[in-house]
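Working notes, beginning with the structure itself.
What follows draws every value from the coordinates through simple rules; no lab data is involved. A quick note: this is a predicted structure, and the numbers were derived from the prediction, not measured. Glycine gets a Cβ as well: all are built from the backbone with ideal geometry, and neighbour counts include every protein chain shown.
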DNA sequence: CTACATCCTCCAGCGGCTAGAGGAGCAAGC
DNA sequence: GCTTGCTCCTCTAGCCGCTGGAGGATGTAG
């Protein structure tokens with residue numbers, strides 16, 4: 001269990017090597033101790049932290065939010081209201097993003113569906129981009 | 001109609017002033033002529049181009065894709081197959097993104113729904129992030 | 001003639017990595 | 001011992017698509 005190299009840490013956590021170093025640099029991961037050859041030696045706790053970070057990043061949490069979540073995790077007797085709020089804010093973000101992507105998809109679908117595969121001069125794709133009035137939505 | 005200042009161009013096109021200069025710098029917008037005081041003087045065609053760019057950016061097209069689309073627009077007798085392909089690729093992107101955001105939303109919803117508003121120690125939000133096995137999805 | 005708005009150029013910074021240069025250390029095979 | 005090849009180190013620069021600020025020139029109104 002001891003003497004986890006950066007390569008192993010990367011493999012086990014799913015975070016790439018330069019990214020691990022980057023997380024250390026920005027203070028998201030505590031600086032691990034070094035062995036005789038100045039190489040990083042990671043602990044199990046570092047792996048857990050890296051996995052936490054990776055998962056949170058996959059869910060789209062920003063590094064600052066993750067920093068707060070990690071701080072919370074380190075003080076287990078505090079109220080989890082803050083963690084809850086961060087997750088809710090993220091959920092709201094995601095919902096907003098889904099809504100705008102769905103609208104966007106509709107617009108792109110009209111574009112490609114009405115393409116007559118002729119010349120650029122009568123291309124709906126170009127036309128719609130050029131003239132926003134031809135959009136099916138007017139709120140952007 | 002003549003003598004459109006950068007401020008007017010920004011207002012009319014919806015592209016911010018520094019962004020207009022940036023687009024000129026990266027060659028997305030032709031360098032406009034200058035007046036006596038070295039100020040940019042835009043034409044109607046520049047406004048159309050800027051609007052085109054803004055709309056395409058809003059739809060999530062990358063600058064390189066927009067460059068190609070603009071080139072196509074400038075040569076109207078070419079086949080629009082390329083424009084069609086770019087739009088289709090973008091549509092596929094958007095669909096993929098929607099799928100992953102919907103999955104993500106489900107995961108976030110489980111998180112916040114099962115929050116008991118107690119202490120961090122039994123916080124589901126933190127827990128799910130820490131242990132990916134608790135995820136409802138296993139494909140990330 | 002002053003005040004203020006607008007413009008100019010140049011350069012640095014954002015987030016979140018990612019890649020490359022240039023070098024050190026370590027284990028295994030000869 | 002010596003070489004090969006892998007891993008590791010630090011440091012720096014680059015990616016995208018802007019955005020903001022410094023410091024200065026010009027234009028316009030009162």
Going from the alpha-carbon gyration tensor of the range B:1-78, what semi-axes, largest first and in whole Å, does one get by taking the root of 5 times each eigenvalue?
22, 14, 11
For peptide B:64-75, how many partner chain Cβ atoms fall within 10 Å of a residue's Cβ, on average?
2
So, relative contact order of the range A:1-78 in percent, Cα under 8 Å, 6 or more apart, is 31 percent
Enter the mean number of other protein chain beta carbons within 10 Å of the beta carbon of each residue in A:87-96, as an integer.
5
Can you give me the relative contact order of chain B as a percent, contacts being Cα pairs under 8 Å and 6 or more apart?
15 percent
Please list log₁₀ I(q)/I(0) at q = 0.15, 0.23, 0.25 Å⁻¹ for the range A:38-140, using the Debye equation with identical point scatterers on the alpha-carbon positions.
-0.75, -1.18, -1.27
Over all residues in A:41-54, what is the mean tally of Cβ atoms on other chains that come within 10 Å of each residue's Cβ?
1
Among A:101, A:129, A:50: highest mean-square fluctuation, GNM of chain A, C-alpha pairs under 10 Å
A:129
Between the helical axis of B:44-58 and the dominant principal axis of chain B, each derived from Cα atoms, what acute angle in degrees is found, rounded to the nearest 10?
10 degrees
Placing a label point 7 Å from Cα toward Cβ, how far apart in nm is residue B:41 from its equivalents in the other copies, listed shortest first to one decimal?
7.3
Per GNM of chain A with C-alpha springs under 10 angstrom, the most fluctuating residue out of A:104, A:69, A:91 is A:104
Could you check the spin-label model distance between residue B:85 and residue B:11? Points 7 Å from the Cα along Cα→Cβ, value in nm.
4.2 nm
Specify the angular offset, from 0 to 90 degrees and rounded to the nearest 10, of the alpha carbon long axis of helix B:63-74 from the longest principal axis of the alpha carbons in chain B.
40 degrees
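Let me have the 222 nm mean residue ellipticity of chain A computed from DSSP H runs of 4+ only, each contributing -39500 (n - 2.57), with the sum over all residues rounded to the nearest 500. All intermediate terms of the calculation are to be shown ahead of the outcome.
Details: 6 runs with 84 residues, N = 140.
Rounded to the nearest 500, it is -19500 deg cm²/dmol.
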For chain A, find the longest principal axis of its Cα atoms and tell me its angle to the long axis of helix A:81-113, 0 to 90°, nearest 10.
30 degrees
Measuring from a point 7 Å out along Cα→Cβ, what nm distances, shortest first, does residue A:77 have to its partners in the other copies?
8.2
Provide the convex hull volume over Cα atoms per residue for the protein assembly as shown, in Å³.
193 Å³
Gaussian network model of chain A, springs between alpha carbon atoms under 10 Å - residue of A:83, A:130, A:106 with greatest fluctuation
A:130
Sort shortest first the distances from residue A:92 to its counterpart in every other copy, using label points 7 Å along the Cα-to-beta-carbon line, and give them in nm.
3.6
